[in-house]
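**Student:** Okay, handing you the structure first.
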Amino acid sequence: MAEVLSMLGYKEGGGIAILVLVLTLILCRKKQRECHPDSKTSSDMDEPLVVLYQIGRGPHAPSPSPFPVKLETFLRMAKIPYMNDHSAKFSSKGKTPWIEYRGVKIEDSQLAIDYLSRELGIDVNAKLKPEERATARAFQKMTEENLYWSMCAVTFSEDLDPLRSVLPYTGFQTVAGHKTLQRTIRKEMWGHGIGRHSPQDIWTIGKADITALSDFLGDKEFFMGDHPTEVDCTVFGMVSQMIWHMPGSPHEIFVKEKCPNLVSFCGRMKEKFWPDWESCITTGKTFNGNN
Ligand SMILES: N[C@@H](CCC(=O)N[C@@H](CS)C(=O)NCC(=O)O)C(=O)O
């Protein structure tokens, strides 16, 4: 081994350094998996856990991405035992988050919610009448398929510094990594159609969606009344990014200045479903995806 190492140009002690490096990588990888406290441990589980694949934690909210917050909040709302895999493996569709349950991969936050609800006989919308379900679905789709892209237009604009300040993983913390992501998202925005508008027009669209959310929520505790339902996971996932992870953006300023009910709503969701919020966010100092 020493000969091989010296042939490869390693100095004395290089073997030990490599061993330490390999062990450190293995340990870091293990740390990227975490069990939700309410979940059973693998030793006492009779039911397999849902494994939620997502990127690492964010510095101010549990993810710097809206869809993982949506899906993880749903798992908590539905009391489904799960564990996180923060190794940032993207799905075969090239997206994140996704889940694996009993060996089946479900690659989309909404498909995952629908699949688990069917498989486990859970319906967090059980109290809703068909007309209310329809309204909730319309708000979910507006939030994910329209408002989200107005956020991407800001996050992936020329100035990538705000994005850099919230993205985990040292691997992503490279100019090349950010630029690649920026190019991909911009292509998607063009395909969606929103990317063909001016920044001002995109913000007009985003502002109209935020206003609709705020107006519909009104004084209610949750979107569909006194009880949280699926649409709350979606809206919380998206608006939490505006509040905590889009520093200086028009979205953040507008929500904080003009939509106090959305800010309080996020506070309620955080309190109800994320009592461990503080331990689920990175400190901002150890920003390497292992938090
Ligand atoms: N419809 C998908 C959307 C997921 C999504 O767009 N995720 C973003 C991160 S927030 C992503 O993976 N983007 C990479 C890409 O679009 O190439 C879902 O609900 O899971």
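**Student:** For Lys270, which aspartates and glutamates qualify as cross-link partners when the Cα separation must be under 14 Å and same-chain residues fewer than eight apart are set aside?
**Tutor:** The qualifying aspartates and glutamates are Glu72, Glu221, Asp232, Glu278.
**Student:** Please list the non-local residues whose amide H lies under 5 Å from the amide H of Lys105, H modeled 1.01 Å from N, same-chain partners needing a gap of 5 or more.
**Tutor:** Sorted by chain and number, the residues that satisfy this come to none at all.
**Student:** Under the definition of Cα pairs under 8 Å and six or more residues apart, what whole-number percent is the relative contact order of region 31-120?
**Tutor:** 34 percent.
**Student:** Quick one: what do you get for region 195-277 if you divide its Cα Rg by 2.2 N^0.38 Å? Mind showing how you got there, number by number?
**Tutor:** Values: Rg = 13.1 Å, N = 83, 2.2 N^0.38 = 11.8 Å.
Expressed relative to 2.2 N^0.38 Å, the Cα Rg reads 1.11.
**Student:** For a footprinting-style exposure proxy, rank Met189, Met269 by other Cβ within 10 Å, fewest first.
**Tutor:** On the way: Met189 19, Met269 22.
Lowest to highest Cβ neighbour count: Met189, Met269.
**Student:** Full-extension gain between Arg196 and Asn146, please, as 0.36 nm times their residue separation minus the C-alpha to C-alpha distance.
**Tutor:** 16.6 nm
**Student:** If you don't mind, there's one more thing I want to ask. Eigenvalues of the Cα gyration tensor times 5, then square-rooted: what semi-axes does that give for region 31-120, in whole angstrom, largest first?
**Tutor:** Working: eigenvalues 67, 48, 32 Å².
Over the Cα atoms of region 31-120, the ellipsoid semi-axes are 18, 16, 13 Å.
**Student:** If each residue's Cβ is checked for other Cβ atoms within 10 Å, how do Ile210, Ile253, Ile99 rank with the fewest at the top?
**Tutor:** On the way: Ile210 22, Ile253 12, Ile99 26.
With the sparsest Cβ surroundings first, the list reads Ile253, Ile210, Ile99.
**Student:** A further question on this structure: Output the relative contact order of region 130-280, whole-number percent, from Cα pairs under 8 angstrom with separation of 6+ residues.
**Tutor:** Averaging sequence separation for qualifying contacts and normalising by length gives 27 percent for region 130-280.
**Student:** So, counting K/R as plus one and D/E as minus one, what does the shell of residues with Cβ under 13 Å around Leu213 add up to?
**Tutor:** Residues close to Leu213 contribute a combined charge of 0.
**Student:** Could you derive backbone 3J(HN,Hα) for region 73-88 from the dihedral phi with the Karplus parameters 6.51, -1.76 and 1.60 (θ = phi - 60°), listing whole Hz in sequence and x where the residue is Gly or Pro?
**Tutor:** Each residue's phi maps through the Karplus curve to give 5, 4, 4, 6, 4, 7, 6, 9, x, 8, 9, 9, 10, 9, 6, 6 Hz.
**Student:** Principal axes first, then extents: for the Cα atoms of region 130-280, list largest minus smallest coordinate on each axis, whole Å, largest first.
**Tutor:** Rounded to whole Å, the extents work out to 46, 38, 28 Å.
**Student:** Nearest 0.05, what FRET efficiency do Arg186 and Leu111 give at R0 = 30 Å with Cβ-Cβ as r?
**Tutor:** That gives a FRET efficiency of 0.75.
**Student:** Under 9 Å from the Cβ of Lys95, count the other residues' Cβ atoms, weight Lys and Arg +1, Asp and Glu -1, and hand me the total.
**Tutor:** -1
**Student:** Can you tell me which aspartates and glutamates have their Cα less than 19 Å from the Cα of Lys179? Leave out same-chain residues fewer than eight positions away.
**Tutor:** Glu158, Asp159, Asp161, Glu188
**Student:** Here is a further query. Need one number: nm distance between label points at Glu119 and Thr211, each 7 Å from Cα along Cα→Cβ, rounded to one decimal.
**Tutor:** Label-label distance for Glu119 and Thr211, simple model: 4.3 nm.
**Student:** Moving on to the next point. Once the Cβ-Cβ distance between Glu221 and Ile253 is put in as r, and R0 is 25 Å, what FRET efficiency do you end up with, to the nearest 0.05?
**Tutor:** Numbers: r = 25 Å, r/R0 = 1.01.
Working from the Cβ atoms, E equals 0.50.
**Student:** Hey, another quick one. Taking region 192-238 as the region of interest, what is the percent of Cα-Cα pairs per 5 angstrom bin, listed from the shortest bin to the one with the maximum distance?
**Tutor:** In order of increasing distance, the bins hold 4, 19, 22, 19, 14, 11, 8, 2 percent.
**Student:** Around Arg186, what is the net charge, scoring Lys/Arg as +1 and Asp/Glu as -1 over all other residues with Cβ under 12 Å from its Cβ?
**Tutor:** That works out to +2.
A short reminder: the numbers here are calculations on the coordinates, not readings from a lab. In this text the structure is predicted, and so the values were computed from the model without any measurement. Cβ atoms come from the backbone with ideal geometry, glycine included; neighbour counts cover every protein chain shown.
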